[in-house]
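Please treat every number below as a calculation from the coordinates, not as lab data. All figures in this text were calculated on a predicted structure; none of them were measured in a lab. All Cβ positions, even for glycine, are placed from backbone atoms using ideal geometry, and neighbour counts span all protein chains on display.
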């Protein structure tokens with residue numbers, strides 16, 4: 001699993017939050033909005049307690065923006081937390097690893113651009129897509145996800161809270177087209 005990476009396809013759709021989210025995404029969105037500070041300001045990472053949303057924790061991830069140069073960029077993202085359902089779904093254990101270590105180049109660039117926009121605009125982002133893993137079966141994974149900005153202790157937006165909706169998703173073998181789920 002450590003050598004696998006997530007490979008993006010071109011059907012990525014990034015958008016503001018839709019009016020009707022799948023239940024898992026809606027639950028985490030409601031939790032995040034409930035943690036927003038007076039005046040609607042973005043919550044801090046310290047305000048998020050996974051025990052408050054324990055049933056959603058396997059589907060969550062948290063990424064930290066690290067001011068460390070990498071291949072011409074001034075910063076990278078490191079996975080602080082990568083839930084077990086996300087790991088099982090993607091086939092990639094990411095906790096403690098960098099985004100560029102867990103995604104192929106195009107997918108890492110797409111995710112980085114989306115996370116950068118979320119942190120600069122201080123607004124959640126939604127996407128729905130198919131991705132292909134580099135595992136032995138080269139399968140396609142269909143999912144939806146929302147990412148939310150979080151502030152650091154110093155008040156700067158430096159963290160991402162994300163949630164995957166994969167409950168009704170399918171894992172499709174690229175060679176045969178048959179469902180693996």
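Can you tell me how many residues within region 46-78 are within 14 Å of residue 158 (Cβ to Cβ) and assigned to a strand (DSSP E or B)?
Number satisfying all stated conditions: 8.
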Residue 71 passes all but one of the listed conditions (1) out of contact with any strand residue (DSSP E or B) (no Cβ under 8 Å at 6 or more places or on another chain); (2) surrounded by 18 or more Cβ atoms within 10 Å (Cβ to Cβ); the exception is number (2)
For region 101-118, what are the residues that are touching a strand residue (DSSP E or B) at 6+ places or on another chain (Cβ under 6 Å) and surrounded by fewer than 21 Cβ atoms within 10 Å (Cβ to Cβ)? 104, 106, 110, 114
Scanning region 83-97 residue by residue, those surrounded by fewer than 20 Cβ atoms within 10 Å (Cβ to Cβ), under 16 Å from residue 66 (Cβ atoms) and touching a helix residue (DSSP H, G or I) at 6+ places or on another chain (Cβ under 9 Å) turn out to be 95
